[in-house]
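The values are calculated or read from the model by the stated rules, or taken from the named source; none is laboratory data. None of these values were measured; they are calculated from a predicted model. Every residue, glycine among them, receives a Cβ derived from its backbone with ideal geometry; neighbour counts consider all protein chains shown.
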Amino acid sequence: MKLLEERIRKDGLVKEGNVLKVDSFLNHQMDVALFSEMGQEFKRLFKDHKINKILTIEASGIGIACVVAQSFNVPVVFAKKAQSINLDGEVYTSKVESFTKKRVYDILVSKKYLGPEDHVLIIDDFLANGCAVLGLLDLINDAGATVEGVGIAIEKGFQQGGRLIRERGIHLESLAIVESMDASTGEITFREQ
């Protein structure tokens, strides 16, 4: 998606350790007009899939997931990273390691909101090593639900996540795939799609 690639080039910052900082428009402050364009593009890319739920993980994926869900006219379920008093009843759980926070989380989804009748599209802001998506896939599998696909705003193509998901035969669409980043120059190159 050229619009997203242009925005990453304009406002993204490359930091040491393969970190791409896009918090001015994607995952801290959100550009809702850009999100709307991304939601329409995900609708186009997954239009032939029977989707009745969008699944993401808190917190950065929620904004994009909500806009995508609006395009499909379906609800969003997000996996929580901590047990709370509001999360009652039985839950599905999985473990996820955060690339940027360098810690492992237990993620949880209530069994009330994910079940065998669901056809799920996973939406997230980033795909690096694939840990978050793999954890969400575990939850879907535990629920007996059907994975319809994975939609990612920005994939780091030089890390293993995309390959791991594609090797499972899952329909993965990334709106921008970063092929390389250079922290010393700030240069970002994208994979042709």
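So that you can scan it fast, the table gives a plain yes or no per residue for (1) acidic (Asp, Glu); (2) modelled with pLDDT of 95 or more; (3) in a strand (DSSP E or B):
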{"residue": "Tyr113", "(1), (2), (3)": "no, yes, no"}
{"residue": "Glu117", "(1), (2), (3)": "yes, yes, no"}
{"residue": "Val120", "(1), (2), (3)": "no, yes, yes"}
{"residue": "Glu155", "(1), (2), (3)": "yes, yes, yes"}
{"residue": "Arg166", "(1), (2), (3)": "no, yes, no"}
{"residue": "Val178", "(1), (2), (3)": "no, yes, yes"}
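Here are the criteria: (1) in contact with a Ser or Thr (Cβ under 9 Å, 6 or more places away or on another chain); (2) surrounded by 16 or more Cβ atoms within 10 Å (Cβ to Cβ); (3) at pLDDT 95 or above. Tell me which single one Leu108 does not satisfy.
(3)
Got at least one residue in region 169-177 being closer than 27 Å to Lys21 by Cβ, buried (at least 23 other Cβ atoms within 10 Å of the Cβ) and of a type in the set (Asp, Glu)? Reasoning before the result, please.
Initially, region 169-177 is screened for residues closer than 27 Å to Lys21 by Cβ, giving 172-177.
Then drop every residue that is not buried (at least 23 other Cβ atoms within 10 Å of the Cβ), which leaves 174, 176.
Okay, now just the ones that are also of a type in the set (Asp, Glu), so none.
No, there is no match, as no residue in region 169-177 is closer than 27 Å to Lys21 by Cβ, buried (at least 23 other Cβ atoms within 10 Å of the Cβ) and of a type in the set (Asp, Glu).
Table: residues versus (1) in a strand (DSSP E or B); (2) free of Cβ contacts under 8 Å to residues at least 60 places away in the same chain; (3) touching a strand residue (DSSP E or B) at 6+ places or on another chain (Cβ under 9 Å); (4) under 21 Å from Ile140 (Cβ atoms).
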residue: Phe25; (1), (2), (3), (4): no, yes, no, no
residue: Ala33; (1), (2), (3), (4): no, yes, no, no
residue: Phe42; (1), (2), (3), (4): no, no, yes, yes
residue: Ile51; (1), (2), (3), (4): no, no, yes, yes
residue: Leu55; (1), (2), (3), (4): yes, no, yes, yes
residue: Ser94; (1), (2), (3), (4): yes, yes, yes, yes
residue: Lys102; (1), (2), (3), (4): no, yes, no, no
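Return the residues of region 1-28 that are polar (S, T, N, Q) and over 17 Å from the mean Cα position of the chain (by Cα); say none if nothing qualifies.
Those that are polar (S, T, N, Q) and over 17 Å from the mean Cα position of the chain (by Cα): Asn18, Ser24.
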